[in-house]
1. Determine which single condition Asp50 fails, assuming it passes every other condition in (1) surrounded by fewer than 19 Cβ atoms within 10 Å (Cβ to Cβ); (2) out of contact with any Lys or Arg (no Cβ under 8 Å at 6 or more places or on another chain); (3) free of Cβ contacts under 8 Å to residues at least 40 places away in the same chain; (4) of a type in the set (D, E, K, R).
2. Output yes when any residue across the range 63-71 is over 8 Å from the mean Cα position of the chain (by Cα), without any contact (Cβ under 8 Å) to a residue 24 or more places away in the chain and more than 21 Å from Asp86 (Cβ to Cβ), and no when none is.
3. Hey, among the residues in the range 53-74 that are among the polar types (S, T, N, Q) and at pLDDT below 90, which one's surrounded by the most Cβ atoms within 10 Å (Cβ to Cβ)?
4. Only one of these conditions is not met by Lys11: (1) crowded, with 17+ Cβ neighbours inside 10 Å; (2) farther than 23 Å from Met87 by Cα; (3) in contact (Cβ under 8 Å) with a residue 40 or more places away in the chain. Which number is it?
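The values are calculated or read from the model by the stated rules, or taken from the named source; none is laboratory data. Note that the structure is predicted; figures quoted are calculated from it, not measured. Neighbour counts run over all protein chains shown; Cβ positions are idealised from the backbone, glycine included.
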Amino acid sequence: MATPDEIKILKIIDEEGGEASIGKIARKMQIDGSYCRIIINSMGSADIVDVYRTGQVAIADKGWASLGKKSETLAGGDAIKRYMNDMKKWKAF
């Protein structure tokens, strides 16, 4: 079960189209960026959100369930769609 702060974060990400930066989430919640990062990392550990190295945060399946919505990336039940969407964000060094 997600906490009230986690639900607020999920709603902000949902309003942003399912993905947002940690900085934008912190500004919209009017909290310190470090505190926001701690909450989001905890959510990432619980598989509520996916946290990318770029600082972007996307709602994972458990997060969509916490909002009472279907996962937009897996709406068709196809896990490869999510993998392909995630792969587009990868960067080679």
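1. Of (1) surrounded by fewer than 19 Cβ atoms within 10 Å (Cβ to Cβ); (2) out of contact with any Lys or Arg (no Cβ under 8 Å at 6 or more places or on another chain); (3) free of Cβ contacts under 8 Å to residues at least 40 places away in the same chain; (4) of a type in the set (D, E, K, R), only one is false for Asp50: (1).
2. Of the residues in the range 63-71, the ones over 8 Å from the mean Cα position of the chain (by Cα) are 64-71.
Still in the list and also without any contact (Cβ under 8 Å) to a residue 24 or more places away in the chain: 64-65, 68, 70-71.
Those left that are additionally more than 21 Å from Asp86 (Cβ to Cβ): 68.
Yes - at least one qualifying residue is present in the range 63-71.
3. Here is the first cut: in the range 53-74, the ones among the polar types (S, T, N, Q) are 54, 56, 66, 71, 73.
In the following step, the residues that additionally are at pLDDT below 90 were identified as 54, 66, 71, 73.
Details: Thr54: 11, Ser66: 19, Ser71: 17, Thr73: 21.
Here the answer is Thr73.
4. All conditions pass for Lys11, except number (1).
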